[in-house]
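One structure is given here, and the rest of the page talks about it.
The values are calculated or read from the model by the stated rules, or taken from the named source; none is laboratory data. Being a predicted model, the structure only gives us computed values, none of them experimental. Using ideal geometry, Cβ is built from the backbone for each residue, glycine included, and neighbour counts are taken over all protein chains shown. When the accessible area is computed, the model is the full protein with side chains, heavy atoms only, and any ligands, DNA or RNA have been set aside. Shrake-Rupley method; radii C 1.70, N 1.55, O 1.52, S 1.80 Å.
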Amino acid sequence: MSRFTDQIALITGGTSGMGLATARLLVAEGAHVVVTGRDRRRLDAAVAELGERCLGVVADVGDAAGVEAATEAVRDRHGRLDIVFANAGTAVFKPFAEITPADFDRVVAVNFRGVFLTVQRALPLLADGARIVINASWTLHRGNATAGLYSATKAAVHNLARTLAAELGPRGIRVNSISPGYIDTPMYPEADLDPAEAAAARGRVPAGRFGRPEEVAAAVAFLAGPESSYVNGQDLIVDGGLVAAIPAPAD
């Protein structure tokens, strides 16, 4: 039996990277998925790849109307939700003194308000026993220069996951977050980085490499699946050891 046969999943930011990899895995294991994205071309490509059990919705979760469009599409097509992966995010990396009000408004709108509204609007559709996974970041666990705004929003959504785990527990709804480390995605493509920057990043990871979107997808599927039935209000770090360990010196 597939873990997610005939279950309904909403994945925001599902047209590339970790979101698309998660959509692939859930569809492969029997789910119907609704994916959102801002770019129509990438959304159409994702739907074409994922097949008839995928519905694509053009939506910017930084805009309340976009969140409403996504949840209305779920309601119209399926009438319920079993899994929410609040994955859509954006980033600005600047020295703290250089962050502008526009930077602040955009990052908070997508990374915090967008997650907040996605879960809030999904609540009437969530079946008892549903699972919510929020994409946070390793940066919520360590101070990281130039990442103050991004890190603050990721700390906020992890705290939201813990709060919702308490609030939604009576319905059997579990809420967890994941914290990816350096993952090779369109937002942080290893091949496009300056070679010295990429080498420095790998050098901070005991595993010695960037992670793959499929590895994050496997963690999301674990948190959304029956194997994690007693895991709630937690943050699962998927980072090759970046947060927890100091790599041995190179020979």
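Quick notes
- Region 79-99 residues that are touching a residue at least 40 places away in the same chain (Cβ under 8 Å), paired with ones that are among the aromatic types (Phe, Trp, Tyr) and crowded, with 20+ Cβ neighbours inside 10 Å (beta carbon under 8 Å, 6 or more apart): Asp82/Phe4; Ile83/Phe4; Ala91/Tyr150; Val92/Tyr150; Phe93/Tyr150
- Unique match (being among the hydrophobic types (A, V, I, L, M, F, W, C), surrounded by fewer than 19 Cβ atoms within 10 Å (Cβ to Cβ) and assigned to a loop (DSSP other than H, G, I, E, B)) among Ala102, Ala145, Ala69: Ala145
- Matching entry among Ala217, Ala198 (being open to solvent by less than 10 Å² (accessible area, probe 1.4 Å), under 30 Å from Leu164 (Cβ atoms) and assigned to a helix (DSSP H, G or I)): Ala217
- Count of region 181-206 residues which are closer than 22 Å to Gly89 by Cα and among the aliphatic types (A, V, I, L, M): 6
- In region 222-251, the residues that are over 20 Å from Thr163 (Cβ atoms), outside any helix (DSSP H, G or I) and touching a helix residue (DSSP H, G or I) at 6+ places or on another chain (Cβ under 6 Å): Val238, Asp239, Leu242, Val243
- Within region 120-133, restricting attention to residues that are crowded, with 24+ Cβ neighbours inside 10 Å and of a type in the set (A, V, I, L, M, F, W, C), the residue that is farthest from Gly13 (Cα to Cα) is Ala130.
- Tally, over region 162-193, of residues that are within 23 Å of Ala244 (Cβ to Cβ) and acidic (Asp, Glu): 2
- When restricted to residues that are farther than 17 Å from Gly181 by Cβ, free of Cβ contacts under 8 Å to residues at least 60 places away in the same chain and not aliphatic (A, V, I, L, M), region 112-152 contains 9.
- Selection of strands (runs of 3 or more DSSP E) fully inside region 1-64 by the criterion of at least 2 residues being within 18 Å of Val119 (Cβ to Cβ) and open to solvent by less than 20 Å² (accessible area, probe 1.4 Å) returns 8-11, 32-37.
- Extreme residue, nearest to the chain's Cα centre (by Cα), among residues of region 72-89 that are under 19 Å from Arg40 (Cα atoms) and buried (at least 17 other Cβ atoms within 10 Å of the Cβ): Asn87
- Scanning region 105-119 for residues that are open to solvent by 70 Å² or more (accessible area, probe 1.4 Å) and over 21 Å from Thr22 (Cα atoms) returns Asp105, Arg106, Arg113.
- Every residue from region 129-142 that is among the aliphatic types (A, V, I, L, M) and either in a helix (DSSP H, G or I) or farther than 19 Å from Ala244 by Cβ (or both): Ala130, Ile132, Val133, Ile134, Leu140
- Of the candidates Gly37, Gly62, the single residue that is at pLDDT below 95 and closer than 23 Å to Ala109 by Cβ is Gly62.
- Residue pairs meeting the criteria (Cβ under 6 Å; at least 6 apart or on separate chains; first within 24 Å of Gly14 (Cα to Cα), in region 184-212; second in a helix (DSSP H, G or I) and open to solvent by less than 70 Å² (accessible area, probe 1.4 Å)): Asp184/Glu190; Thr185/Gly17; Thr185/Pro213; Pro186/Gly17; Glu190/Ala198; Phe210/Glu190
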